[in-house]
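*Asks:* Have a look at this one.
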């Protein structure tokens with residue numbers, strides 16, 4: 001059985017491969033999923049998310065509440081004292097985005 005760290009490494013390699021082989025993703029997406037309409041994520045990213053599901057906590061637009069929302073399950077939470085490591089609702093590992101929006 002794979003450890004959590006090994007799963008994260010495989011997912012990271014898949015996400016990195018998606019950056020370099022974007023043209024291949026387009027070909028595969030069109031061949032496999034063209035019948036069903038546009039695919040929202042490259043295949044490598046989708047596989048990586050199955051191996052190591054991640055989410056981002058985003059600020060909500062509530063005027064009087066200091067709350068955040070999981071971008072995967074859309075559940076809203078009061079802002080915790082310490083940042084979540086995992087979403088309390090869907091269990092995805094919480095990651096932060098860098099300056100250009102990448103994971």
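The values are calculated or read from the model by the stated rules, or taken from the named source; none is laboratory data. For clarity, every value in this text was computed on a predicted model and none was experimentally measured. No Cβ is skipped: glycine too gets one built from the backbone with ideal geometry, and neighbour counts run over all protein chains shown.
*Asks:* Does residue 25 satisfy the condition of being surrounded by 14 or more Cβ atoms within 10 Å (Cβ to Cβ), modelled with pLDDT under 75 and over 20 Å from residue 93 (Cα atoms)? Steps first, please.
*Replies:* Numbers: surrounded by 14 or more Cβ atoms within 10 Å (Cβ to Cβ): yes; modelled with pLDDT under 75: yes; over 20 Å from residue 93 (Cα atoms): yes.
Judged against the criteria, residue 25 is a match.
*Asks:* Here's a follow-up. Of the numbered conditions (1) out of contact with any helix residue (DSSP H, G or I) (no Cβ under 7 Å at 6 or more places or on another chain); (2) outside any loop (DSSP other than H, G, I, E, B), residue 84 satisfies every one except a single condition; which is it?
*Replies:* The failed condition is (2).
*Asks:* Still on this structure: Output the qualifying pairs, or none if there are none: Cβ atoms under 6 angstrom, residues six or more apart or on different chains, first residue in the stretch 68-79 and in contact (Cβ under 8 Å) with a residue 12 or more places away in the chain, second residue surrounded by 14 or more Cβ atoms within 10 Å (Cβ to Cβ) and outside any strand (DSSP E or B).
*Replies:* Matching pairs, first to second residue: 69/60; 70/87; 71/56; 72/92; 73/89; 75/89; 76/60.
*Asks:* Follow-up question, since we're still on this one. Which of the residues belonging to the stretch 46-61 are surrounded by 11 or more Cβ atoms within 10 Å (Cβ to Cβ) and over 23 Å from residue 3 (Cβ atoms)?
*Replies:* If the condition is that a residue be surrounded by 11 or more Cβ atoms within 10 Å (Cβ to Cβ) and over 23 Å from residue 3 (Cβ atoms), then 56, 57, 58, 60 are the ones that fit.
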